[in-house]
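Undergrad: Have a look at the structure that comes next, please.
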Amino acid sequence: MFSKILIANRGEIACRVIKTAKRLGIRTVAVYSDADVNARHVALADEAYPIGPAPARESYLVVEKILEAAKRSGAQAIHPGYGFLSENAGFAEACAKAGITFIGPPPDAIRAMGSKSAAKALMEKSGVPLVPGYHGADQDLKLLTSEAARIGYPVLIKASAGGGGKGMRVVEKPEDLEAAIASAKREAAASFGDDQVLIEKYLGRPRHIEIQVFADTQGNTVSLFERDCSIQRRHQKVVEEAPAPGMDPERRRSMGEAACAAARAIGYVGAGTVEFIAEGDAFYFMEMNTRLQVEHPVTEAITGQDLVEWQLCVAAGEPLPLKQDELAINGHAIEVRVYAEDPSRDFLPSIGMLAHLKPPAEGPHVRVDTGVRAGDTISIHYDPMIAKLIVWDRDRASAAQRLSEALAEYEVVGVTTNLGFLKTLADHPAFRAAELDTGFIGRHGQDLFPAAGPAPRLALAAAALRLLIDRQRAVTEAAALSADPHSPWNLAHAWRMNGDGYQDMILMDGETPVAVRAHPRRDGFGLDLPGGSAEVAGSEDADGALVLRLDGVKQRVPVVRVGDEFTVMLAGAAHRLTAIDPLRPARSEAAGVGRLTAPMPGKITQVLVAAGEAVKRGTPLLVVEAMKMEHTITAPMDGTIGRVRYAVGDLVEDGAELIAFAEV
Ligand code: ADP
């Protein structure tokens, strides 16, 4: 076994690999970009080496820099994690040349599966079932058009080099094909440096079921069973679970065998995942990922194995720790990806500092894999994932309940997250009933994206109480310092010379000001809230959350204050309320009507309109590429374009005005 390894990655996966290495007594070496100097993976590793500027292509993706760090540190092996260089055959070769073990499959196996098109051709030969489609090298538009017609609409365009749902487009009708191909090719070129696409029949209500395989250098190949990753958004996994609901042993065996056959066909070694798309009783090969997957923890949870340990054993030339008949499934596990993103704004990544971060407590039923700590920043440079939350229990129903509870406990302040969305999903009757297919989120959108309503009374009461407690504390502290600590001017409970004392405050709930008047009571306050008054009292607990009584009902409500902003967390949903000082001048109007601003920092990849052009509401105006995804900016109203401020290739800052409508 190795005594020192380098992890050529960052974030949660780097931390995850370090954890197992530590347990096995292996020293760990981290690499970090300028943006990650203080990152968690750097803090956890025994040694860490700088590899350059924040953009991944100048640091985490530069083979020479990684190898240089490996040589300097004396690491014997490199774990690539997922993403970055994990499926880069050239990198695996360069490691071998440098005399360093690449913890992953042989370069030829990576290459064989690197192109979805080539992999399909190979699998076809090995008798693994495929979705009807075209996966040829000829990319002539006429040919692609006739192939799409032959396959039959709707079709799915995929980047051959694709991953993470990037470069994928569903096309419903022939007239949309050309534009979709162009856009898929653009995204593919930007993300993978390769614009080849393939076309497949688009299945209506399929499930995504994948098989975890493992092979060693002694010719053993096993399946560690399946994961169901059908709950997706834009073809990206949102929820992953194991085992797949409704899977019978016979089908599990035949899918496991097909996956092992696929691995054997390419001389596979190490951890790999063979992805299938399943509809009814049929299943078709989609692709093989030649690395450890994001969702590997659910497999670990049901098999009791540590897959990173398995990877290290195999890379060190040892046989697989267990044989097929020694592997068994125990219970049920579910993973969700907690992201800094805004579900109400089409899941736009949310950038910012994690002012407060408190994951649910880990234990036999809950695991949190994360790469960030409170105070860290979610930046534009990397994936905005905050953590993976994994729950396990004896059966699916119990695991789903654990998931719901753990999500409700998760506290994040500073960025918008998908926690509320995930909690709603975890509680949805169709999810509880395991009605899984890739259309789940689209079909239940109504329930999963509730219209933003006003903050509930409890949130208002909690924010108000927090503000009142803070005011009280500030006055007490000031009084302690003043000459006459017993002066009535130093009492915070709104003592007035005449009559009933009270304190007024204004809490901004989004754009709506909410006036709250607080009347001091012996114990707590009477609050005048919209919809009637309420009695509230409470204090902080050891974790800084409020334990409050609202109209006699006692509950624990985490409230985090950053400046004048109060974030109240209720059952997974974060309500943001900002206290405003009525004497302060009003904020100047931000992006007004008739202006269009960049939703996040990025690069302009397409300008679709020119000054003077008349557009209708919804007309696409510009395409911005940010975080490797294309965001189309559409007209918010009918009108005439006044000015287009940027050209293709320009970089834009968050909030930059992109286009102005002409004055009318
Ligand atoms: P990527 O490598 O970009 O993740 P995949 O080929 O793994 O792309 O596909 C991602 C997801 O897209 C699948 O899990 C599935 O939901 C959906 N998908 C892929 N192929 C098809 C298809 N032929 N019909 C319907 N959905 C598909």
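The values are calculated or read from the model by the stated rules, or taken from the named source; none is laboratory data. Remember, predicted model here, so these are calculated numbers, not experimental data. Note that each Cβ is placed from the backbone with ideal geometry, even for glycine, and that neighbours are counted across all protein chains shown.
Undergrad: Tell me which helices (runs of 4 or more DSSP H) are completely within region 421-460 and hold 1 or more residues being within 16 Å of the ligand (Cβ to nearest atom), or say none if there are none.
TA: Hits in region 421-460: 440-443.
Undergrad: Right, something else. Consider P249 against the criteria (1) buried (at least 24 other Cβ atoms within 10 Å of the Cβ); (2) of a type outside the set (D, E); (3) over 22 Å from the mean Cα position of the chain (by Cα): it satisfies all of them except one. Which criterion is unmet?
TA: (1)
Undergrad: Could you check how many residues of region 45-93 are touching a residue at least 60 places away in the same chain (Cβ under 8 Å) and of a type in the set (D, E)?
TA: 1
Undergrad: Let me ask something else. Looking for whichever is in the same structural domain as V314 (by TED's automatic domain parsing) and free of Cβ contacts under 8 Å to residues at least 60 places away in the same chain here; the options are E287, E257. Which one fits?
TA: The match here is E257.
Undergrad: Next question, about the same structure. Where residues in region 346-363 are hydrophobic (A, V, I, L, M, F, W, C) and part of a strand (DSSP E or B), which of them is surrounded by the fewest Cβ atoms within 10 Å (Cβ to Cβ)?
TA: In this case the residue turns out to be M353.
Undergrad: In region 162-181, what residues are touching a Phe, Trp or Tyr at 6+ places or on another chain (Cβ under 8 Å) and either within 11 Å of the ligand (Cβ to nearest atom) or among the hydroxyl-bearing types (S, T, Y) (or both)?
TA: Of everything in region 162-181, those that are touching a Phe, Trp or Tyr at 6+ places or on another chain (Cβ under 8 Å) and either within 11 Å of the ligand (Cβ to nearest atom) or among the hydroxyl-bearing types (S, T, Y) (or both) turn out to be G162, G163, K166, G167, V170.
Undergrad: Quick test of your reading of the structure: A121 fulfils all but one of (1) within 33 Å of the chain's Cα centre (by Cα); (2) in contact (Cβ under 8 Å) with a residue 24 or more places away in the chain. Name the failing condition by number.
TA: The failed condition is (2).
Undergrad: I'm trying to understand the selection: among the residues of region 597-640, which are in a loop (DSSP other than H, G, I, E, B), touching a Ser or Thr at 6+ places or on another chain (Cβ under 6 Å) and touching a residue at least 60 places away in the same chain (Cβ under 8 Å)?
TA: Residue satisfying the conditions is K628 alone.
Undergrad: Look through region 144-156, keep the residues that are within 9 Å of the ligand (Cβ to nearest atom) and buried (at least 18 other Cβ atoms within 10 Å of the Cβ), and return whichever of them is farthest from N88 (Cα to Cα).
TA: V155
Undergrad: Out of all the residues in region 109-130, which are within 19 Å of K166 (Cβ to Cβ), away from the ligand (no atom under 11 Å from the Cβ) and touching a Leu at 6+ places or on another chain (Cβ under 7 Å)?
TA: Within region 109-130, just S117 meets the criteria.
Undergrad: Here are some residues: A184, A159, A188. Which one is touching an Asp or Glu at 6+ places or on another chain (Cβ under 6 Å) and either within 12 Å of the ligand (Cβ to nearest atom) or of a type outside the set (G, A, S) (or both)? Walk me through how you get there before you give the answer.
TA: Values: A184 fails: touching an Asp or Glu at 6+ places or on another chain (Cβ under 6 Å); A159 fails: touching an Asp or Glu at 6+ places or on another chain (Cβ under 6 Å).
Just a single option satisfies the conditions, and that option is A188.
Undergrad: Next question. Scan region 305-319 and tell me whether some residue there is in the same structural domain as D248 (by TED's automatic domain parsing) and assigned to a strand (DSSP E or B).
TA: No, region 305-319 contains no residue that is in the same structural domain as D248 (by TED's automatic domain parsing) and assigned to a strand (DSSP E or B).
Undergrad: If you don't mind, there's one more thing I want to ask. Can you run down the residue pairs with Cβ atoms below 8 Å, 6 or more apart or on separate chains, where the first is in region 193-217 and farther than 26 Å from G439 by Cα and the partner is within 9 Å of the ligand (Cβ to nearest atom) and of a type in the set (D, E, K, R)?
TA: Partner pairs satisfying both residue conditions: none exist.
Undergrad: I would also like to ask the following. All but one of (1) within 26 Å of L85 (Cα to Cα); (2) at pLDDT 95 or above; (3) within 16 Å of the ligand (Cβ to nearest atom); (4) not charged (D, E, K, R) hold for A242; state the number of the condition that does not hold.
TA: Only one criterion in (1) within 26 Å of L85 (Cα to Cα); (2) at pLDDT 95 or above; (3) within 16 Å of the ligand (Cβ to nearest atom); (4) not charged (D, E, K, R) is unmet by A242, namely (1).
Undergrad: Against the conditions (1) within 10 Å of the ligand (Cβ to nearest atom); (2) closer than 25 Å to T290 by Cβ; (3) buried (at least 19 other Cβ atoms within 10 Å of the Cβ), where does V197 fall short? Just the number, please.
TA: For V197, the failing item is (1).
Undergrad: Name every residue in region 330-343 that is in a loop (DSSP other than H, G, I, E, B) and surrounded by fewer than 18 Cβ atoms within 10 Å (Cβ to Cβ), in order of residue number.
TA: N330, G331
Undergrad: Can you name the condition, by its number, that W392 falls short on among (1) under 23 Å from L357 (Cα atoms); (2) part of a helix (DSSP H, G or I)?
TA: (2)
Undergrad: Within 14 Å of the ligand (Cβ to nearest atom) and in contact with a Leu (Cβ under 7 Å, 6 or more places away or on another chain), is that true of D228?
TA: yes
Undergrad: Here's another thing I want to ask about it. May I ask you to say which residue of D36, D108 is surrounded by 23 or more Cβ atoms within 10 Å (Cβ to Cβ), among the acidic types (D, E) and modelled with pLDDT of 95 or more?
TA: D36
Undergrad: Among the residues of region 57-82, what is the count of those that are crowded, with 21+ Cβ neighbours inside 10 Å, of a type in the set (A, V, I, L, M) and within 26 Å of K603 (Cβ to Cβ)?
TA: The total comes to 1.
Undergrad: Which residue is surrounded by the fewest Cβ atoms within 10 Å (Cβ to Cβ), if the candidates are limited to region 259-289 and must be over 17 Å from V131 (Cα atoms) and within 12 Å of the ligand (Cβ to nearest atom)?
TA: So the residue we want is N289.
Undergrad: Assuming G133 fulfils every condition listed in (1) within 10 Å of the ligand (Cβ to nearest atom); (2) within 24 Å of Q293 (Cα to Cα) apart from one, which condition is it?
TA: Exception for G133: condition (2).
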